[in-house]
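No lab work stands behind these numbers, since they all come straight from the coordinates. Being a predicted model, the structure only gives us computed values, none of them experimental. Neighbour counts are summed over all protein chains in view; Cβ atoms, including those assigned to glycine, are modelled from backbone coordinates with ideal geometry.
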Amino acid sequence: MAFAGAAAPNGRNETVLLADFPRVRLAHVPTPLEAMPNLSRQLGGPALLVKRDDCTGLALGGNKARQLEFYLGEAIAQGADTVITTGAVQSNHSRMTAAAARKLGLGCEIQIEDRVAERGLAYRASGNMLLYRVFGARLHPFAEGENERGADANLELIAGRVRAAGGRPYVIPLGPEHPPIGALGYVDCAQELLKQARETGIEIDTVVVASGSASTHSGLLAGLRALESPARVCGICIRRRGNAQAERVLMRARMVADLLGRPGLVRADDVWVEDGFLGPGYGQPTAEMREATALAARLEGLLVDPVYTGKALAGLIGLVRRGAFTAGANVVFLHTGGTPALFGYPELFAEGGEGTGSPGAAIA
Ligand SMILES: Cc1ncc(COP(=O)(O)O)c(C=O)c1O
C-alpha cells in the first residue's frame with residue numbers, strides 16, 4: 001500500500017501519499033491555524049493555538065468533511081446511489097454525511113440513536129436534527145443508543161431494504177472493527193498541520209482533540225508518526241471511559257498504520273486519553289464544558305459545542321491548570337466543529353445566564 005515520504009529541509013518526511021485510496025473533495029483546506037492569545041494569557045502557561053477544522057466548509061463545517069472524502073470516494077467507486085449511516089440525535093457526522101451525499105447526487109438514510117437521556121424539545125428538533133430534515137434525509141429511529149454493535153447491525157437491515165427496492169447502498173458504520181478509511185482524512189490533516197507549523201516557525205508539543213469513534217484521534221496520531229513528528233496527541237474522552245477509549249484508539253491507529261503500509265508505526269505509549277472531562281456521559285453537559293464554551297466565545301470569539309469540542313476544550317483548560325504543559329510549549333486545540341449542536345442546548349445560556357458584557361469577566 002502506498003506510503004512515500006519526500007524529505008523536507010529539516011529531514012522530516014513531508015508527504016504521505018494517500019493517492020491509492022478513492023477520494024472525493026469535500027473539505028475547504030487548508031483550515032487556518034490560529035493563535036489564541038487571550039485564552040493563553042488568561043490561563044498562563046503554554047501558547048495555545050487552534051486548528052480551525054470547524055471551518056472545513058461543508059454544511060457548517062467540522063472534522064467529518066475530511067473523513068467523508070474517503071468514505072464517499074469509496075461509495076462512488078463502488079457505484080452506490082444511497083449512503084446510510086448512524087449517529088446520535090445531534091450527530092455532526094450524520095449532518096455532514098447527508099450534505100456530502102446530496103452534493104454528490106446520492107440518497108441518504110440516517111439512523112438516529114437515542115443515546116442521551118432527559119433532553120428537551122430543542123435537542124430533539126433543532127441543531128443537527130433540523131438540518132437532517134433540511135437535507136431531506138430519511139430518518140430511522142434506533143432506541144438502544146449505547147448498543148454500538150446493534151446499531152451497526154441495524155444499518156445492514158436498512159441497507160437490505162434499500163437493496164430490495166432496487167437501490168445500491170453504501171454503509172458507513174461507526175463500530176471499531178470496521179476499516180478506518182475516514183481516519184485517512186486526519187493523516188492528511190497531520191501533514192497539513194506540520195506544514196503550517198513549519199511555515200510559522202513553531203514546534204508543536206501536543207494536539208488536544210475530542211476522542212469519540214477515534215477516527216480523528218487515530219488518524220492524526222498515525223499521520224504524525226508517519227511524518228516522524230514527536231508531537232503528542234491527547235484525546236479527551238467524550239463518549240466512553242479512558243481504558244476502553246485507549247484500547248480503541250490504539251486498535252484504530254494500528255489499523256490506519258496498516259492501511260498506510262506501515263505496521264508498527266504507533267506504540268501503546270503513544271496513546272494518551274483523558275476521561276476526567278466526560279461528566280455523567282455522552283452528550284451530558286458539565287460545568288467545565290460550559291465554562292470552556294463561555295471562555296472561548298468571550299476571549300477568542302470562538303464557538304464550541306456541548307457534546308464534543310466544549311468538553312475537549314474543557315480538557316485542554318483543565319490540563320493547563322494542572323500544569324501538564326511547560327510554559328514555552330505550543331499546544332494546538334484541534335477544533336473539530338459541532339457548533340450546530342449548541343442550538344440543541346439552549347438552557348446552557350438561558351436568560352439570566354448571560355455575561356457582564358466584559359471579556360474575561362468571571363464566568364458563571
Ligand atoms: C464535532 C465533533 N468533534 C469530534 C468528534 C469525534 O470524532 P471521532 O468520531 O473521529 O472520534 C465528532 C464525532 O462525531 C464530532 O462530531
Separation in nanometres of the label points that stand 7 Å from Cα toward Cβ, at THR356 and ALA153: 5.6
Region 62-133: GluC sites (Glu not before Pro) falling in loop per DSSP and having at most 16 other Cβ within 10 Å: GLU118
Selection from LEU221, TYR282, LEU313 lying farthest towards where the dipole of region 218-343 points positive, charges on Cβ: TYR282
Cα-projected label distance for ALA125 with ARG161, points at 7 Å along beta-carbon direction, nm: 2.4
Förster radius 41 Å - calculated FRET efficiency between ASP20 and LEU43 (Cβ-Cβ, nearest 0.05): 0.45
Interchain or long-range residues, amide H under 5 Å from VAL89's placed H: GLU113, ARG115, VAL116
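Under 4 °C and 1.567 mPa s, how fast does the chain diffuse according to Stokes-Einstein, given a Kirkwood radius computed over C-alpha pairs? Answer in µm²/s, whole number. Walk me through the numbers before you get to the answer.
Numbers: Rh = 20.6 Å.
For these conditions, the coefficient is 63 µm²/s.
Rounded to the nearest 20 Debye, what is the dipole magnitude of region 96-141 about its Cα centre when Lys and Arg each give +1 and Asp and Glu each give -1 at the C-beta?
180
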Loop trypsin sites (Lys or Arg not before Pro), region 231-304, which have at most 11 other Cβ atoms in a 10 Å radius of their Cβ (DSSP): ARG267
Dipole magnitude of the chain, debye to nearest 20 (Cβ charges: Lys/Arg +1, Asp/Glu -1, about Cα centre): 360
Cut-off under 5 Å, modelled amide H: who pairs with MET36 long-range: LEU48, LEU49, VAL50
Span from the region 225-285 Cα centroid across to the region 124-181 one, whole angstrom: 24
Check: region 89-241 dipole with +1 on Lys, Arg Cβ and -1 on Asp, Glu Cβ, in debye: 480
Difference of contour (0.36 nm per residue) and Cα-Cα distance, ILE202 to ALA35: 59.0 nm
10 Å-binned pair-distance histogram of region 68-172 (Cα, whole percent): 16, 49, 30, 5, 0
Cα-based Lys proximity count in the chain, under 23 Å, for pairs eight or more positions apart or on separate chains: 6
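Just for the chain, what percent of DSSP beta bridges are antiparallel, to the closest 5?
Bridges in the chain are about 15 percent antiparallel.
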Farthest positive-ward along region 68-172 dipole, Cα basis, beta-carbon charges - from THR97, GLY160, GLY136: GLY136
Modelled FRET efficiency - R0 35 Å, ALA143 with ALA327, Cβ distances, 0.05 increments: 0.10
